[in-house]
Amino acid sequence: MTDASGPLAGVKAAVFDAYGTLFDVNAAVQRYAEAVGPDAAHLSEVWRNKQLEYSWTLSLMGQYAAFWDLTVRALDYALAVHPQVDPGLRERLLDAYRDLDAYPEVPGVLAALRKHGIRTAVLTNGNAAMVDRAVASAGLADHLDAVLSVDDAQVFKTHPDAYRIALTRLAVGQGDVLFCSSNRWDVAGAGVFGFRTAWVNRKGLPDEYMDSAPTVVIGALDGLL
């Protein structure tokens with residue numbers, strides 16, 4: 001049962017980041033970890049870091065590209081950094097990224113939120129085709145009221161225009177939204193924009209944005225309930 005005095009008190013919409021929050025971004029490499037070899041964890045880390053770096057760099061330059069294209073570029077870079085990894089795995093890794101695993105608690109949390117009258121939505125850097133496939137593959141479509149992409153703003157988070165999409169599409173005010181992300185930079189951006197925020201700190205990382213504290217810190221999404 002939802003605790004009305006907890007982080008969901010007064011919330012009309014719970015808005016979730018997708019990659020790293022609903023979907024395990026390391027699942028693609030983990031699926032082929034044996035074939036990738038001993039550098040699997042580092043390959044996955046470089047892939048993710050470059051994917052994000054490219055999004056921030058483009059935003060600062062006033063440019064935009066589909067997040068899937070950045071995902072492909074980032075994998076190509078990660079494979080170049082690890083020449084010992086079989087390049088023939090490239091397409092299999094990309095296919096696995098299209099159908100990432102959701103964290104195990106996600107379906108139940110989304111269903112519980114909707115049961116208690118809270119609308120649920122995704123707001124992601126992922127382009128529409130990319131995130132729609134991920135949502136469908138993970139069986140989450142029936143648990144979401146909206147799947148929102150920064151495609152609509154043509155700029156990546158943490159730009160305010162990216163977060164504004166949720167207000168427009170869900171017809172809610174900033175104070176009505178609890179924005180949930182495992183990415184601390186994303187939580188900081190959403191908080192500065194005016195959302196209440198939940199940092200899903202799955203890895204127990206130290207805080208690094210002291211001037212934009214999250215409303216609540218949880219270890220997994222079921223910490224909302």
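The values are calculated or read from the model by the stated rules, or taken from the named source; none is laboratory data. Keep in mind that this is a model prediction, so the values were computed, not measured. A quick note on method: Cβ atoms are made from the backbone with ideal geometry, for glycine too, and the neighbour counts reach across all protein chains shown. These accessible areas exclude ligands, DNA and RNA; they are computed on the full protein's heavy atoms, side chains included. Shrake-Rupley method; radii C 1.70, N 1.55, O 1.52, S 1.80 Å.
Couple of notes before you dig in:
- Point-to-point label distance, Arg114-Leu58, nm (Cα→Cβ direction, 7 Å offset): 3.0
- Rounded D (µm²/s) - the chain, Kirkwood Rh over Cα pairs, Stokes-Einstein at 37 °C, 0.692 mPa s: 184
- Within the accessible surface of the chain, defined with a 1.4 Å probe on protein heavy atoms only, the carbon and sulfur portion equals 52 percent.
- Entry comment: accessible area of region 152-225 is 45 Å² per residue, from protein heavy atoms only and a probe of 1.4 Å.
- Two-site label geometry, Gln154 and Val81: point separation in nm, points 7 Å out along Cα→Cβ: 3.1
- Bridgeable lysines around Lys203 (alpha carbons under 26 Å apart, same-chain partners fewer than 8 residues away excluded): Lys50, Lys157.
- Shape call, region 1-76: gyration tensor on alpha carbons, a/c limit 1.5: oblate
- Across region 123-178, the convex hull enclosing all Cα atoms gives 82 Å³ per residue.
- Solvent-accessible area per residue in region 46-107 equals 47 Å², computed with a 1.4 angstrom probe and all protein chains kept.
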